[in-house]
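What follows is one structure encoded as structure tokens, with my remarks underneath.
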Amino acid sequence: MTGPVDTPAPESHPVTGLDDVVHQRVRLGILTIAHEARRVEFGFLRTELGLTGGNLSQHLAVLETAGLVGIEKGYEGKRGRTWISLTTAGDAALAAEIARLKQLIARVETTVPRQGEAS
């Protein structure tokens, strides 16, 4: 008696690998800027992304809870400052998200439109 033939599982669509925590527009922006800067000040992020302080704080809380960013509070002179940096997990999550997005782009760029359809 023979068992079922092992067939490789079909490759899932790249969109299934997108991380909802990372993929959200503002959070993707935070991670990208933190990756570029290595350490970024809260006010810079707020201005760069066009957010209110409260809105940015909410997104940072999601990213911190997920272990993707570290938040450090301190002083610059007499002014309180908050700095955000990417964790190792955050760097890996951003790289994985970018890889999936590249896979999606490749699929779109290599798809030939069917005849009679607009391109």
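Please treat every number below as a calculation from the coordinates, not as lab data. From a predicted model like this one, the values you see are computed outputs, not experimental measurements. No Cβ is skipped: glycine too gets one built from the backbone with ideal geometry, and neighbour counts run over all protein chains shown.
Other residues with beta-carbon under 15 Å from the beta-carbon of V22 carry, at +1 per Lys or Arg and -1 per Asp or Glu, a net charge of -1. Place a point 7 Å from the Cα of T16 along the Cα-to-Cβ direction; which residues of the range 67-103 have their backbone N under 19 Å from it? So the set is 96-103. When every Cα-Cα distance of the chain is counted in 10 angstrom steps from zero, the calculated P(r) takes the values 12, 34, 23, 15, 11, 4, 2, 0 percent. Along the chain, the longest continuous region that contains none of the GluC sites (Glu not before Pro) in a DSSP loop with at most 14 other C-beta atoms within 10 Å is 12-116. For the chain, excluding the exposed loop sites themselves (trypsin sites (Lys or Arg not before Pro), DSSP loop, at most 15 other Cβ atoms within 10 Å), the longest remaining stretch covers 40-77. One chain, two ends: T65 and T52. Fully extended at 0.36 nm per residue, the span grows by 2.7 nm beyond their Cα-Cα distance. Entry note, the chain: the mean residue ellipticity at 222 nm calculated from DSSP H runs of n ≥ 4, each adding -39500 (n - 2.57), is -16000 deg cm²/dmol after division by the residues and rounding to the nearest 500.
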